[in-house]
Structure formats: C-alpha cells, structure tokens
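**Student:** My questions will all concern the structure given below.
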Amino acid sequence: MASKDLQDYPADFEPETADDQELPLLEPHHRIDLRRSASNATSQVALIGSNVCPIESLDFEMIENDFIKHDWRSRGRSQILRYVLLKWTLCFLIGAIAGCVGFFNNLAVENIAGVKFVVTSNMMLANKYAWAFGVFAVSNFVLTMFASVITACIAPAAAGSGIPEVKAYLNGVDAPDIFSLRTLAVKIVGSIAAVSSSLHVGKAGPMVHTGACIASILGQGGSRKYGLTCKWLRYFKNDRDRRDLVTCGAAAGVAAAFRAPVGGVLFALESVASWWRSALLWRTFFTTAIVAVVLRALIDICKSGKCGLFGKGGLIMFDVTADKITYHLVDLPPVIVLGIIGGILGSLYNFLLEKVLRIYNHINEKGIAYKLLLAAGISVLTSCCLFGLPWLASCRPCPAGLKEACPSIGRSGNFKKFQCAPDHYNDLASLFFNTNDDTIRNLFSAGTDDVFNRYSIIVFFVMSYFLGIISYGVVAPSGLFVPVILTGATYGRLVGMLMGSHSTLDHGLFAVLGSASLLGGTMRMTVSVCVIILELTNNLLLLPLVMLVLLISKSVADTSTANIYDLIVKLKGLPYLEAHVEPYMRQLTVSDVVTGPLQIFNGVEKISTIVHVLKTTGHHGFPVIDKPPFSPSRVLFGIISRAHLLVLLKKREFLNSCTLSSFEDTKHFSADDFAKRGSGKRDSIDDIELTAEEMEMFVDLHPFSNTSPYTVVETMSLAKAVILFREVGLRHLLVIPKSSDREPVVGILTRHDFMPEHILGLHPLLQRSRSKRLRFGKFAPVTLLRSCFSSYGDTL
C-alpha cells in the first residue's frame, strides 16, 4: 500500500474503501494487486486545535539520490561551517524570542488581571458589591469571548494547550497551520486574554506551543508569499532539522513559563520528543540557558518599577518555602499517603477530563456559535463561583506579628478583606479572588499553618478540581500545568491540616508535595516534574520527598488510565506511534497488514501516467522499478515522493523518448526546488497545466529517486517493523518478497498501517490478545465512574 497521507484534500474528506474506489486505468505493470485488496480505511483527519483537519506524515529519513548527493559534494568547507553555525544561531534566537514572549505574557497577565482585581476591590471597599460583581463578571466575559472569537475565527489550531499537537509532530504527524505565524499570534494574545479572564487555565502549555511555533517559523527560511526568503536558510527546509528546532522550541517554552531551564530540557526529553540524541540534548540545553538569561535581564529591569503591576506573581518563582527543611522517619507515612491520593485523584482527573472533552467535541461539531456559547457559559459560571463562594466563609481576625499587611491592599496577598470588617480577612477570598500564580504562592507559603480554615480549603479544592476539568475544553489557548499545580497544592495543604501533630512538616511543604503528586498522577512525568518543582521552589532540600511522592503517584495512576496528553492525542485522532509494541503484533508479519493496490512507476515514465496516478490517488510515495532494457530484469530502483514528482512536472524538463537523461539535464534544477515548503498552501497536481503534447513525453526518475529506501522482508514480524519505523522516523517502509521470482516490491507500509484500528480490523480475532492495563478494584473511584459514564460515552 502506498502512502495514504492527505495533503491537498479538504477537512471533510472521507477515505474511499475498496468497494467504491475507482482504480486508475493503468497497464498491469503499474499496479500490483496484493493479497489484500481492501485499502486502509483508518481516519486521515484529526482534531487540530478546535477544527478537524487533514493530516500527513513527516519523513525524517535522509533521502539519498544522485541529485542530492551531487549537491552535497559540491558544498565546500565554508558551507558546512555555515550550516553548523546557523543551527546554533537559530537555537540562540529561539531561546531569546521565547524568553521575551514568556516575559511579555506574564507582564500582560499581571497587569490586565491586576487592574481588574484592583478596580473590583475598590468597589467592594466602597460597599458597592453589585457593581463590583458586575465589573468582575463583565471583564471576565469580555476577555474570554475575545480569546474564543479570535481562536475560532482566525486560528482554530491555537485552541487548547498545543502540547498534543507538538508531541504528534515530533512523532511524525503534520497538519495545516499548527506552526503558522497566524497560529503563533493568536496563541500569544489568546493565552493572555484567557488567563486574565480568571478561567481555570494556565499559560505553560500554550508557551510550549508558542516556542515550537517560533522554532518552526525561524527554521522554514522565511516566506515566498511575502518575498521574505533567505537562501542560506534552505539547509533547514527538511523534516529532520525542523524536528530538532521544534524540540528546542518546546523546551524553551517550558523554561520561559516556569523559569526552569533544566526542567524544560527534561520535559522535552520525557514528554514530547519521540527521538533524541546527545547533540540535540546539548542544543536544547543551550536554548533554555538563553531563555534563563533573557528572563533574568528583563526581570532586573522591572525591579525599578517600570512594569506596572508586574511583581512577585509574574514569572512563577515560588521562593517561599522555609530555608531549613527537616524531616524524620515519622514524616514518611503522610508523604506516602499524599502520593497514593495524588495517583488516585490524577487518574480520576484524566478520566473525567476525557469524558468532558468528548462532550465538548460533540458540542463544537455544531459550529462556531456553539463553541462561543460554551465559552460564554464557562466564563459566567467561573465568575459566579469566584465571586460568590467567598461569601460562604466567615471572616477571621488578622494574626498578630505579621510581616505583610492584613488585610491585603491591592491585588495580591494572603489576607483579602473582601466583605470583612477592618482588621479581618476572608481566607477563601484570598484563594478565589486572585490570579492562579498568587494563589499558588499563598498555598506554598511557609509559616502560614493557621491562615486558612480547613473548610475553606475543602471548598476551594473541590471547585478548583472541577473548574480545571470543565475549563480546558473551551475554544481558547489554555494549559493544564498551572491548574493541576494549584489543585494539587490545595489538597496537599488539606492533607497537612488533617495530619496535624502527626507530622512535623510545614503545611506549605505539604502543598508543594501535593502539586508534585497530582502532576505525577495526571501527566505521569517524574524526572522533569521533579526538577521543575525544585526550580520553582528554589529549594534542593525537597528532592528526596518530591522523588518519593512522584514515584508513588505515578505508579498508582498507571494502574488505571493513561497520562493526560496520551489521552488527548488519542481523542484528537492523531496517529501516534507508541514506544512500546502491542503483544499481538508479534503474532503477525508485515505481509499480514499490507493492503493494496500498490502503485508503481518505471524508471523512465510517461507524463500522462504520472499525472493520472497523482490525480486519482492520495498516495505520497511510489516505488520506482527498473525493467529491460534499463536492467536485466525487473528490480527495485528506489522510491520517489509526490512532492518531487510535482517539482518535475512544474519544471517541464521532459524527454521526447523513453531514454535515460544525461547529467546536463539535471543542471536545470537546484536543491532549493526540492526543499520542503513551510506553513501555508502546498503544491497540488491540479495547479499544474500540461499540454497534450507534453502528456505524451517522458521523464527520467532515476536522478531524483531515493535509491536507498528502508526495506523489510515480508516475513518480518510487525513488532520489529514498527520499532524500526518509529526509531528511524520513516514515512514509507518498503516490503520486499522473500523469493526472487516475484515482483521486486510487494507493498509499502505507512504509519496508518501500524494503527490498532487497521490491524484489528483486518484480524478481529486478535482483539482478545491486545494488551490491557490493570484496573482498580471494584470499589475504585475510576471503575465506579467508568461504569456510570459507559452508557453515555458510547453515544458520543
């Protein structure tokens, strides 16, 4: 089966099945009918952001043909040195720009949200509570709708965190506009508006997508459409180099969001990258180091008071825990309990979020109006909760001997006055009526064991847990990191309160460990989360406890559900290749999943044949076969891509007869002609008009065919083939026969052929042997809720 990735088809394209597909009328040697004539019917569209879009595979393989080999041989030492220096220069630019964008995002959020809270607080001080709620709710509504409108109408690919799309891209899946300039602009502006609107969303996830967009745009060498091309950047117009740059960009995004350069590197390695090597590790580390330097310089500028309301709550740096942390053996049981609870809550969080996103997808399918209506409803609900629930809490007298003002004046602080009398504060308002960053700081603060009431913490935990679940699916840039950190900090402090005198640990330390445990339970990251938490708190003494709680929470959660990003990748329909293979794949050979018919080309092919195949199929890779008189027998010469065929047709360097071309004929081409284009409209066969005379001419495919494609014998197990496919980063894997008396190639495998839906569709009896995760017992929360939602989930 040739590549089935879609490039030029509309978003509502449905792949044809073997029963209704009209096969091209070619000579027998152009079409090889395989044992399985049914074509692969797996979906070739996916949910990108908030819209369904066609997807296609990336090709990280090094293409070797005569033309490219000659181009590389013609390069001198200076060009090779320029290539190396450009890579480092681009890494520097990615880090510098990502650092500036991260600082700008925080500066904007702190000032926009800060003005909103200051104006609302001033009205409440004047006892104008109705006006205060009106200003608060309308401000949140306007900001939410602004973020939703620009996302839904301008760049739907900017919706959500973007981490699933980045993860899929680095795995080899591409989609329109995921890294375009328009997506980048909407991601930045929309994230600022959404976070400022008090929605329970974060800006860390969007920063990962933002960093990846910056890297992709810098690496694509400008824009031909606007005449901004750079010839010396053509070296990076390939999937391999862009993959490296996008990996650096994703790491820079995390570093800019949390001021955690090492954590950013480990996040890219542990969570999003499917392929890694030591040279990439070094470049990624250099990129995040530049981010840290840029942030440090910009923050120093703000210390002079020139950044408005930007203060301690800006870039997350929770340097608030005790300088000296001591713990004993008696403190380990509470920490273990914290990890177990974090694993259970994390798996439940993932389960509920998946169900909510399925419901939201069903709503969003009805059109933009429904998307905006959903966002409006979430905004109104959030405003009512944030403003209304603090009225349920009783006022508390200000503790004596405080270093900070009580009640707090302005937008931040542990002691919000809200509706209380002088010298009193509302502890629940201190949690609800703040930015997420300031609330996390309040919860992480050491020496505040008596500041918050137990019932206020319970109310805030329940609301933050469910607001985080229902807020993520709105059509706006939104992240999960900060809401999970906030919710985890709340239940961590609650556990500390319940332990009382049974533990010597500070409640602020319990909050830090609670955040780590819930992150481990939802995202299943250990090393990167551990380092990010340490960089957030700036306290290395936490390392043993954080490691312990992460290991326990991840182990508990792994028995129930997958990590949150894997669930969202699957929910979006992205054909992601896992690092592990399913056991049933060892029972199959590659010939068991190869489908047909297979389209092939001769080494010297007629133009009309090429045009007909390109117009009647969506394939992206075609085997090139040599036959007499160009070879003693029919042999496999290589493989040629659709993109390269389109270049040959556009150039119109055709032959009048079926003969081999000379080396002089290839001088009309340049390496830039075959470089992969960046974001935007791609070439289509429908855009090329050829005369009847040209259709009867020929083209020599030999100089432009990849003469060393990866091949596997038809008896290789499917498990070995999928490991090879993923580790090398292939787009096409040729299957060759075991005996020499058959056709030189029997099929092509693409990533869609390794999808469980396709394999189990061909072999339904293997469904029983498919690996299954361990589940909780019959009294487990996830199992109980799964049974409650099962009947409803089947209808979506």
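**Student:** Is the C-alpha gyration tensor of region 614-756 telling us rounded, prolate or oblate? Criteria: a/c under 1.5 is rounded; beyond that, a/b larger than b/c is prolate, otherwise oblate.
**Tutor:** Because a/c hits 1.5 or more and a/b fails to exceed b/c, region 614-756 counts as oblate.
**Student:** With all protein chains present and a 1.4 Å probe, how do GLU578, GLU56, GLU757 order by accessible area, largest first?
**Tutor:** GLU757, GLU578, GLU56
**Student:** Full extension from ALA185 to VAL142: what is 0.36 nm times the residue separation minus their Cα-Cα distance, to one decimal in nm?
**Tutor:** 13.6 nm
**Student:** Mind jotting down the three principal axis lengths of region 332-410 based on Cα atoms? Whole angstrom, largest first.
**Tutor:** Largest to smallest, the principal-axis extents are 58, 39, 21 Å.
**Student:** Express in Å², to the nearest 10, the accessible area of THR526 obtained by rolling a 1.4 Å probe over the protein heavy atoms while all chains stay in place.
**Tutor:** 30
**Student:** Solvent-accessible area of ASP683, probe 1.4 Å, all protein chains present, reported in Å² to the nearest ten, please.
**Tutor:** My reading of the accessible area for ASP683 is about 40 Å².
**Student:** Find the all-direction average of the projected area of the Cα convex hull for region 112-221, expressing the result in square nanometres with one decimal place.
**Tutor:** Values: hull surface 29.4 nm².
Approximately 7.3 nm², given one-decimal rounding.
**Student:** In region 373-458, what percent of the accessible surface is made up of carbon and sulfur (1.4 Å probe, ligands and nucleic acids excluded)? All intermediate terms of the calculation are to be shown ahead of the outcome.
**Tutor:** Details: 2060 of 3410 Å².
About 60 percent, which is the carbon plus sulfur part of the accessible surface.
**Student:** Something else now. Could you tell me the accessible area of ARG742 in Å² (1.4 Å probe, neighbours in place), rounded to the nearest ten?
**Tutor:** 110
**Student:** Then there's this: Working out 0.36 nm times the residue gap between ILE154 and ALA579, then minus their Cα-Cα distance, what length gain in nm do you get to one decimal? Provide the component values of the computation, followed by the final result.
**Tutor:** On the way: separation 425, 0.36 × 425 = 153.00 nm, distance 3.50 nm.
Difference between extended and current length: 149.5 nm.
**Student:** Under the rule a/c < 1.5 gives rounded, and otherwise a/b versus b/c splits prolate from oblate, where does region 447-507 land using the Cα gyration tensor?
**Tutor:** It comes out prolate by the Cα gyration axes.
**Student:** Using alpha carbon coordinates only, what is the Rg to Rh ratio of region 694-757, with Rh defined as the Kirkwood radius? Intermediate values should be presented prior to the final figure.
**Tutor:** Working: Rg = 14.7 Å, Rh = 13.7 Å.
My calculation puts Rg/Rh at 1.08.
**Student:** What distance in nm separates the two pseudo spin-label positions at ILE359 and GLN79, each 7 Å out from Cα along the beta-carbon direction?
**Tutor:** Rounded to a tenth, the inter-label distance reads 5.9 nm.
**Student:** Suppose we take every Cα in region 415-521 and form the convex hull; what volume per residue is that in Å³?
**Tutor:** Normalising the Cα hull of region 415-521 by residue number yields 105 Å³.
**Student:** Can you give the accessible area per residue of region 460-499, in Å², using a 1.4 Å probe?
**Tutor:** Accessible area per residue, region 460-499: 15 Å².
**Student:** Mind checking the log10 I(q)/I(0) for region 355-480 at q = 0.15, 0.17 Å⁻¹? Debye, one equal scatterer per Cα, no solvent, two decimals.
**Tutor:** For region 355-480, the Cα-only Debye profile gives -0.73, -0.87.
**Student:** Oh, and also: Using only alpha carbons, build the gyration tensor for region 593-659 and give me the equivalent ellipsoid semi-axes, biggest first, whole Å. Can you show the working numbers first?
**Tutor:** On the way: eigenvalues 71, 67, 18 Å².
For region 593-659, the semi-axes come out at 19, 18, 10 Å.
The values are calculated or read from the model by the stated rules, or taken from the named source; none is laboratory data. Values in this document were obtained by computation on a predicted structure and should not be read as measured data. Reconstructed Cβ throughout: ideal geometry from the backbone, glycine too, with neighbour counts over all protein chains shown. Remember, those area values only see protein heavy atoms, side chains included, never the ligands or the DNA or RNA. Shrake-Rupley method; radii C 1.70, N 1.55, O 1.52, S 1.80 Å.
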